[in-house]
Every structure is written in structure tokens, then in C-alpha cells.
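The structure under discussion appears below in the form of C-alpha cells.
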Amino acid sequence: MANGEPRISEQRWSLKGQTALVTGGTRGIGHAIVEELAGFGARVHTCSRNQTELNDRLKEWKAKGFQVSGSVCDLLSRTQREELMKTVSSEFDAKLNILVNNAATTKMKRAENSTSEDYSFLMSTNLESSFHLSQLAYPLLKASANGNIVFISSVAGATALPGLSIYSATKGAINQLTKNLACEWAKDSIRVNTVAPWAVRTTVLKPGDNILLTA
Ligand SMILES: NC(=O)c1ccc[n+]([C@@H]2O[C@H](COP(=O)([O-])OP(=O)(O)OC[C@H]3O[C@@H](n4cnc5c(N)ncnc54)[C@H](OP(=O)(O)O)[C@@H]3O)[C@@H](O)[C@H]2O)c1
């Protein structure tokens with residue numbers, strides 16, 4: 001740790017020697033996940049769309065003694081997802097222990113006002129990219145002989161919240177995808193789980209979205 005004092009949990013277990021890819025690690029929940037994994041000794045790669053913000057985070061993590069690398073990737077792009085996984089594969093010798101499908105976005109809109117562009121944007125960013133990254137990571141996770149996928153879903157994937165129909169559908173689908181992949185890939189020693197947070201004060205919430213934080 002930065003102050004040289006090991007945390008109590010570090011005395012019990014460690015992630016030293018483990019490798020992780022966390023999407024969307026520059027802010028919010030993804031940022032906390034990167035710090036937690038790196039704090040336990042894992043080598044972590046992360047991505048986001050903003051090079052300047054990514055560089056700033058990488059500098060901060062280096063100063064804290066964390067082993068974190070990063071590359072710019074717009075997860076909307078299939079080609080950029082493939083590039084991301086090539087980078088991860090070469091950095092971690094074609095093995096990966098942990099994939100955290102964290103990056104996602106939302107637009108609060110009533111269903112009748114939502115456009116086909118809103119639908120495609122949310123489905124591609126939140127669901128398709130997580131599925132495709134899991135497919136791309138599969139050989140690396142299998143090669144590690146101890147693979148883990150963690151999806152970041154949402155309470156909105158299990159219960160109806162106002163203005164979140166499409167977002168909620170992406171998260172409901174992720175909940176089911178988790179079960180299917182867990183069954184399909186257990187034989188390859190890959191565990192698949194979902195974490196479903198309630199509202200967390202991060203940059204995903206825009207002004208006016210605070211209904212979720214006060215509900
Ligand atoms: N905050 C909540 O209340 C809440 C509640 C339940 C579930 N969740 C879930 O938790 C996860 C993290 O949310 P958050 O609140 O931490 O979000 P956030 O503060 O908006 O951070 C999102 C991160 O993902 C990156 N990102 C977004 N779109 C991307 C794209 N197309 N390609 C690459 N990177 C992208 C962002 O960087 P760039 O924008 O620079 O690319 C940023 O690093 C999401 O899956 C969200 O659905 C959040």
C-alpha cells in the first residue's frame with residue numbers, strides 16, 4: 001500500500017500473479033475495482049475512450065505502486081474490442097484470470113420517447129460489447145486454468161425503475177447471460193458471476209437522474 005502498511009485482508013490472501021482486464025476503469029465503479037484488484041497485487045489492464053483521463057489515472061496508479069496499464073478503446077466498436085483483447089493477450093502472455101465487464105452507459109428516457117438510436121447505442125455498449133469481450137477473452141481465461149468473468153449488472157435488471165426500460169433490458173439480459181456462460185464454461189474452469197449494484201454516486205448519473213439516489 002502507499003503508506004507501506006499492509007491491509008489486514010492482504011495478510012489473508014493476495015492476487016499476486018493474477019491478471020485482470022477491467023473495462024471503464026477511469027471513473028466510478030470501474031475505478032474502484034481497478035484499485036481493489038491492483039491493491040491485492042493483481043496486474044490490471046483497463047480501457048476507456050478518453051486518452052487524457054486514462055493517462056492521468058495511469059500516472060496516479062503508478063505513484064501508488066499499482067501495476068496498471070491502459071489503452072483507449074471505444075467498446076461500441078467491434079474492431080476496437082478485438083484490438084483491446086490483442087493488447088491484453090500480448091501483455092499477459094495469452095492468459096487472463098479476471099475479466100470485469102464494467103463499462104456501460106445509460107440514458108434516462110421514457111420508453112415512448114426512446115429512439116432506435118437510443119436502443120442500438122445502449123444494447124451495443126452494455127450488452128453486445130460485454131458478450132463479445134467474453135467471447136474474445138474465453139481462450140485466455142481457459143489458458144489461465146483459473147478464469148473469472150464478473151459482469152456489472154444493476155438492480156434495474158431485476159426491478160422496474162422509471163425511465164430505464166432499455167438500460168434495464170440490457171442488465172436483465174446480462175443476468176441471464178451470466179447463468180448461461182457459467183454453465184457452458186464451468187468445464188473450462190471459468191467462473192461467471194454478476195454484481196448488481198443499487199444507485200452509486202458516479203459520473204453515469206446526469207443532473208436530474210438523482211431520483212435514483214433518493215428513491
Ligand atoms: N452508478 C450507478 O448508480 C450504477 C448502479 C447500478 C449499476 N451500475 C453499473 O456499474 C457500471 C459502472 O458504472 P459507473 O456508474 O461507474 O459509470 P461511470 O461513472 O459513467 O464510468 C463509466 C466508465 O466506463 C467508461 N466507458 C463508458 N462507455 C464506454 C465505451 N463505449 N467504451 C469504453 N469505455 C467506456 C467511461 O470512460 P469514458 O466515458 O471516458 O469512455 C468510464 O471509465 C456500469 O455497468 C453501470 O451500468 C451503476
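Read-outs throughout are calculated quantities, based only on the coordinates presented, and are distinct from any laboratory measurement. Since we're looking at a predicted model, the values are computed, not measured. No Cβ is skipped: glycine too gets one built from the backbone with ideal geometry, and neighbour counts run over all protein chains shown.
Here are some pairs, 142/171; 86/171; 62/107; which of them have Cα atoms lying more than 32 Å apart in this structure?
Exceeds cut-off: 62/107.
Within 10 Å, at most 13 other Cβ atoms, and a DSSP state outside H, G, I, E, B define an exposed site. Report the longest part of the chain free of exposed chymotrypsin sites (Phe, Trp or Tyr not before Pro).
With chymotrypsin sites (Phe, Trp or Tyr not before Pro) excluded where exposed in loops, the chain gives 14-197 as its longest stretch.
Please give, to one decimal in nm, the separation of the simple spin-label points placed at residue 59 and residue 78, each 7 Å out from Cα toward the Cβ.
Distance between label points: 3.8 nm.
How about residue 64: which aspartates and glutamates have a C-alpha closer than 20 Å to its C-alpha, ignoring those fewer than 8 places off in the same chain?
5, 10, 35, 36, 53, 56
To the nearest 10 degrees, how steeply does helix 28-39 sit against the main Cα axis of the chain, on a 0 to 90 scale?
That works out to roughly 10 degrees.
Percent relative contact order of the stretch 8-214, based on C-alpha pairs within less than 8 angstrom and at least six residues apart?
RCO, the stretch 8-214: 19 percent.
Considering the zone a paramagnetic label at residue 202 would reach in this model (a point 7 Å from Cα along the Cα-to-Cβ line), which residues of the stretch 28-70 have amide N under 13 Å from it?
Flagged as within label range: 28-36, 47-48.
Which loop trypsin sites (Lys or Arg not before Pro) in the stretch 99-150, with loop taken from DSSP, have no more than 13 other Cβ atoms within 10 angstrom of their Cβ?
110
Arrange the following residues from fewest to most other Cβ atoms within 10 Å of their Cβ: 183, 47.
183, 47
Which one, 180, 146, 193, has the greatest fluctuation when you compute a Gaussian network model over the chain with C-alpha springs under 10 angstrom?
Checking each option, the largest mean-square fluctuation is seen for 180.
Gain in length, residue 175 to residue 135, computed as 0.36 nm per residue apart minus the alpha-carbon separation, to one decimal in nm?
Here the answer is 12.8 nm.
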